[in-house]
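One structure is given here, and the rest of the page talks about it.
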Amino acid sequence: QLITPIAFNRFGPEVAGHLGFAISAMNSILFLSTTFTSSVSTRLSALLHSQRIEESNLLFDTSFRRSVIAVLALSQLFVLALYVLSIFNQPFASRFLSWDLALLYSPSVILSAIVYCWAIYLRSQAIEPLVLQSAATALVMAPVLWLASSVSVGSMLVGMLIVSLFSSVSVWKIYSVNRANLA
């Protein structure tokens, strides 16, 4: 969430407001789409703790797939809606980032949803192996956003995406090693 105050500092309140609205909308999409996975976390935990690994993995895989499809569809529908509103010069569209910047931001939201689901799988085992990963990502993200903000909002979004991508790969490794060890 550090991106909005940095944008405020570098680009002023209007740009920060546009960015904040877009982030709010995309975060709503993220949380809505991940409900497929978060809603099964209790059952997932019960299955994992009763050593019913195959059942738990099937349950997780099904809910994970639904969450990913939902975040992909909803985030792109949001971008499409912004695009359509911009074509017709609707004043409502001017409250958000431009559609192309929202499109640039959407992969970060998709990665966040995927990481969130993997974290649910790990937390269902009553473990928390992502604390250091989260702290490291935050420590890298802050200076990247600050440096990229000296160029443009788009550069900030690209910087966020690059950090998110590297962080997601690291989380994937933690998740996949954990899942393999359960089998």
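The values are calculated or read from the model by the stated rules, or taken from the named source; none is laboratory data. Fair warning: this is a prediction, and the values are worked out from it, not measured in the lab. Here the Cβ is made from the backbone with ideal geometry for all residues, glycine too, and neighbour counts use every protein chain on show. These area figures cover heavy atoms from the full protein model, side chains too; ligands, DNA and RNA do not enter into them. Shrake-Rupley method; radii C 1.70, N 1.55, O 1.52, S 1.80 Å.
For the range 67-111, a Kirkwood radius taken over Cα pairs fed into Stokes-Einstein (25 °C, viscosity 0.890 mPa s) yields D = 230 µm²/s. Given R₀ = 41 Å, FRET efficiency for Glu14-Thr35 by Cβ-Cβ distance, to 0.05? Given R0 = 41 Å and the Cβ-Cβ separation, E is 0.80. Across Ser39, Ser167, the residue with the most accessible area heads the list, and the full order at a 1.4 Å probe is Ser39, Ser167.
One decimal place: the segment Val144-Glu55 gains 27.9 nm when fully extended, by the rule 0.36 nm per residue minus the C-alpha distance. Computing FRET efficiency as 1/(1 + (r/R0)^6) for Phe166 and Leu72, where r is the C-beta to C-beta distance and R0 is 30 Å, gives about 0.90. Go through Ile110, Val131, Leu72 and say which Cα lies farthest out towards the positive end of the charge dipole of the chain; charges sit on Cβ, +1 for Lys and Arg, -1 for Asp and Glu. It is Val131, whose Cα lies furthest towards the positive end. Compared with the dominant principal axis of the Cα atoms in the chain, helix 131-148 is inclined by about 10°. How far is helix 153-182 tilted, in degrees, relative to the longest principal axis of the Cα atoms in the chain, given as a value from 0 to 90 rounded to the nearest 10? On a 0 to 90 degree scale, this one is about 0.
Please label the shape of the range 45-144 as rounded, prolate or oblate, based on the square roots a ≥ b ≥ c of the eigenvalues of the alpha-carbon gyration tensor (a/c under 1.5 means rounded; beyond that, a/b larger than b/c means prolate, else oblate). Cα axes put the range 45-144 in the oblate bin. Of the residues Ser150, Ser41, Thr62, the one whose Cα sits farthest towards the positive end of the charge dipole of the range 1-151 is Ser41 (charges of +1 on Lys and Arg Cβ, -1 on Asp and Glu Cβ, taken about the Cα centre).
Magnitude of the charge dipole for the chain, about its Cα centre and with charges confined to Cβ atoms of Lys, Arg (+1) and Asp, Glu (-1), is about 160 debye. Packing order of peptides 152-159, 132-139, highest average first: 152-159, 132-139 (average count of other Cβ atoms within 10 Å over each peptide's residues). Using a 1.4 Å probe and ignoring any ligands, DNA or RNA, find the accessible area of Met160 and quote it in Å² to the nearest 10. Roll a 1.4 Å probe over it and Met160 shows about 30 Å². In terms of overall dimensions, the chain has a Cα radius of gyration and Dmax of 18.0, 57 angstrom.
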